[in-house]
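Undergrad: Could you have a look at this structure, given as structure tokens, before my questions?
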Amino acid sequence: SAQKVTRSESSQAKKSQHAEEAIFYTNCRAAYLAVFKSSLENIKSKEQLRLVLQQAGRNPSQKTLNKYWTSQTTTLNFDDFCAILKQEKPATKTELLTAFGKIDTNNTGYILHDELYEILTTRGEKMTRDEVSAIIKQADFNCSGKLDYNKFCDLYMTTGEQCCKTARERLEVDNRLRQQQFGSQAETSSEGITPPVSKPSPRVSRKTDHKLAPPKGDGRTPSRPSSAQTCKASVSTTVSMGVSGNSNTQLIEPDTMKEWHCAQSKGCFYLEEDGEIISHKYRLHLPQRSTVCITIKPLNVRQVEGKSCNWLSVDTALYILKENETQENLQLVSFTEQQNKEMFGWKGELGSGVYWLLPFTTGCRLKKVKPHITGEAKLVYRGEDGELALTREFRATLLDIFETIDLDGNGLLSLEEYNFFELRTSGEKCDEEAWAVCRENFDMKKNELTRQGFLDLNLMEANDREGDPCDLWVTLLSLGYNKALEMTEACPFVIDIYAEKCRPRMKAVYLEAGNWQLNRAVCKSVVNKGEAKLMDGCEDIIVYTYKAGRRITSVIENKSENKVIIHVNNEQSKNCLSNRGLTVFAVEVAPKSMMVSQHVMPLNEEEEWFYNCVHSLL
């Protein structure tokens, strides 16, 4: 028993250490990418070293810089930077106060400006008078010719912490850096998955002028990372796939289950400005054990001749996770891997209880594209009587939107359904009082908004702006439509659940990004179902490859105690489309973790496709 306790404590200590290392490397990477485009790029000057150390919350002195950048130094790489941060710990408030206390011998909490000038311009690493003046002009910690060094220390600490926080936030939102060059967030090896937490996706407020973000500069990554020549171990995976346009992996048709109990809900994948994909998340309750069939497919809303309907080719999947008794963890049960044309499904037995259904798409086909729109669709016009009206084309688009956000498909919008729409388009919620106002002004049935009521609500918004459609465009762009009223950055879907012995209850609970719960489930499914290959010359690195009718997913597991950088090369693949948007990129994997390397689909489903990928350790 004592040995078990010791082993358990040792295991917990190791997990804690791994978690701390993962956080440390995340902070290192965040600081590095605040200055450089890639962690494969080198530090090439002392000034760059100063900048990147400041981004990590350090305030290096000239002496510190000279310690690491000598006359013989030409470059430092990311690993060198991490080693420096381990050596150069940020100053604590206690250390700073102790230093000031040696000057303030009477312990007043203040230092006279004249005394500060004398010390800072004549001792140690000397400052200029202008530099000292810049300090004492700060009103936050100066008054009556004295420096309040307690306040100064507080601001100093806050500034350092804010630098680190800003760098992490920049890394989190910069999807191009996080997903294309370094992959999605690494998955830890813990068994549990925390239930989703409600976090709406705030958009630009409808009551403010909406302007499209200016186009970013060319973010093209070099076709071959600069450190690729240092590869020291590799593993190659080759898969030849046939035509997948009519794939069918024996998914039982729902028609054969007409006598089973059924629940249905719609939902949507939305593409964010930074390329991240968010979607509805669902909670499923089964009152008793039963055989079930769960399917997901793109929702076939109205198709207009001449308009693109790219969302119908977007791949969809559903991950099924079981909620345990304490509601602290979610355990992966399975996912929809059987295919019947565009429909994916899973059939099996589930015990009674609560499950989470997490929709998933690889991002291979739902991604940012440069628009080639020559004109802008007209949304409103004034009739002969001078009254505003919605154009025919805009009315049709609004009815399509209604069909998408009417999650239960009853032809009416409940307050809950309408709030998903509001969260997506304005970042706000409609409360009961505001809903009562809607009831007084717009057509409702059983306290739910009708189609006509939804159209009138949008017309009122146009009237509020005296015909200016800017707020209406905020709504449309938030929902994935372009200026030609084509849905190019969203994919509505429909989920059907059939249960043989009980009535399933399904409810959309959140509209948010997949985050690590979904990433974890994807990784676990690939590890469980895919082919594992040890990297030659490095048995701590394993590449898992899972193949289905329409996609191939690779996952990298790092069992070592150290962070690794993996070079990924797809140059020999044919007719393949990667969610990375690149043929060559690098993936950084934290110690004792696993992460998705890439998802790949056929570029043209009517042709054979050939996947050839080499993962190499840098």
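Undergrad: Restricting attention to region 449-489, which residues are of a type in the set (D, E, K, R) and touching a strand residue (DSSP E or B) at 6+ places or on another chain (Cβ under 6 Å)?
TA: Glu489 - this is the single residue of region 449-489 that is of a type in the set (D, E, K, R) and touching a strand residue (DSSP E or B) at 6+ places or on another chain (Cβ under 6 Å).
Undergrad: Considering only region 36-48, state which residues are over 24 Å from the mean Cα position of the chain (by Cα), open to solvent by less than 60 Å² (accessible area, probe 1.4 Å) and closer than 25 Å to His567 by Cβ.
TA: Hits for region 36-48 are Asn42, Ile43, Gln48.
Undergrad: On to the next question. Sort through Asp431, Asp408, Asp456 and tell me the only one that's more than 26 Å from the chain's Cα centre (by Cα) and touching a residue at least 60 places away in the same chain (Cβ under 8 Å).
TA: Asp408
Undergrad: Looking at Phe442, Phe420, Phe394, Phe344 in this structure, which one is in contact with a strand residue (DSSP E or B) (Cβ under 9 Å, 6 or more places away or on another chain), within 22 Å of Glu272 (Cα to Cα) and not assigned by the TED database to the domain that holds Val596?
TA: Matching residue, one of Phe442, Phe420, Phe394, Phe344: Phe420.
Undergrad: Now, a different point. Counting only residues that are within 16 Å of Leu423 (Cβ to Cβ) and not in a helix (DSSP H, G or I), how many does region 471-487 have?
TA: 2
Undergrad: I'm trying to understand the selection: among the residues of region 77-88, which are more than 30 Å from the chain's Cα centre (by Cα) and not in a helix (DSSP H, G or I)?
TA: Glu88, the sole residue that qualifies.
Undergrad: While we're here: Conditions: (1) in contact with a helix residue (DSSP H, G or I) (Cβ under 6 Å, 6 or more places away or on another chain); (2) at positive phi. Gly363 meets all but one. Number of the miss?
TA: Here Gly363 clears every test but (1).
Undergrad: Among the residues of region 262-304, write down those that are assigned to a loop (DSSP other than H, G, I, E, B) and not hydrophobic (A, V, I, L, M, F, W, C).
TA: Glu272, Glu273, Asp274, Gly275, Glu276, Pro287, Gln288, Arg289, Asn300, Arg302, Gln303
One line per residue, one yes/no per condition, for (1) closer than 19 Å to Gly57 by Cα; (2) within 46 Å of the chain's Cα centre (by Cα); (3) of a type in the set (A, V, I, L, M, F, W, C); (4) not in a helix (DSSP H, G or I):
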residue	(1), (2), (3), (4)
Glu95	yes, yes, no, no
Phe100	no, yes, yes, no
Thr108	no, no, no, yes
Ile111	no, no, yes, yes
Lys126	no, yes, no, yes
Asp130	no, yes, no, no
Leu147	no, yes, yes, yes
Phe152	yes, yes, yes, no
Gly160	yes, yes, no, no
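Undergrad: As an exercise: evaluate Val568 against (1) open to solvent by 10 Å² or more (accessible area, probe 1.4 Å); (2) part of a strand (DSSP E or B); (3) under 28 Å from Phe81 (Cβ atoms); (4) of a type outside the set (D, E, K, R) and give the number of the one condition it does not meet.
TA: (1)
Undergrad: Sticking with this structure for a sec: Identify, by number, the condition in (1) closer than 23 Å to Glu489 by Cα; (2) outside any loop (DSSP other than H, G, I, E, B) that Arg439 doesn't meet.
TA: Failing condition for Arg439: (1).
Undergrad: Still on this model: Scan region 488-523 residue by residue and report those that are over 29 Å from His261 (Cβ atoms) and not aliphatic (A, V, I, L, M).
TA: Once the filter is applied, which keeps residues that are over 29 Å from His261 (Cβ atoms) and not aliphatic (A, V, I, L, M), region 488-523 yields Thr488, Glu489, Asn515, Trp516, Asn519, Arg520, Cys523.
Undergrad: Ok, one more. If I ask for residues that are acidic (Asp, Glu) and surrounded by 21 or more Cβ atoms within 10 Å (Cβ to Cβ), which ones from region 457-515 would you list?
TA: Those that are acidic (Asp, Glu) and surrounded by 21 or more Cβ atoms within 10 Å (Cβ to Cβ): Asp471, Glu489.
Undergrad: Also, quick follow-up: Return the pairs, sorted by first residue and then second, in which the second residue is basic (Lys, Arg), the first residue lies in region 77-99 and is closer than 30 Å to Gly109 by Cβ, the beta carbons are less than 7 Å apart, and the residues are 6+ apart or on different chains.
TA: Within 7 Å, the pairs are Glu88/Arg58; Pro90/Arg58.
Undergrad: Here's a follow-up. Looking at this structure, is Asn558 surrounded by 21 or more Cβ atoms within 10 Å (Cβ to Cβ), closer than 18 Å to Pro591 by Cα and not basic (Lys, Arg)?
TA: So Asn558 fits the description; yes.
Undergrad: While we're on this one: Being out of contact with any Asp or Glu (no Cβ under 7 Å at 6 or more places or on another chain) and surrounded by 15 or more Cβ atoms within 10 Å (Cβ to Cβ) is the requirement here; does Cys143 meet it?
TA: So Cys143 fails the test.
Undergrad: Among the residues of region 55-70, is there at least one that is surrounded by fewer than 17 Cβ atoms within 10 Å (Cβ to Cβ), aliphatic (A, V, I, L, M) and more than 23 Å from the chain's Cα centre (by Cα)?
TA: Taking every residue of region 55-70 in turn, at least one turns out to be surrounded by fewer than 17 Cβ atoms within 10 Å (Cβ to Cβ), aliphatic (A, V, I, L, M) and more than 23 Å from the chain's Cα centre (by Cα).
The values are calculated or read from the model by the stated rules, or taken from the named source; none is laboratory data. If you're wondering where the values come from, they're calculated on a predicted model, not measured in any experiment. Cβ coordinates were reconstructed from backbone atoms using ideal geometry, including for glycine residues, and neighbour counts include every protein chain displayed. Side chains included, ligands, DNA and RNA excluded: accessible areas come from the protein's heavy atoms. Shrake-Rupley method; radii C 1.70, N 1.55, O 1.52, S 1.80 Å.
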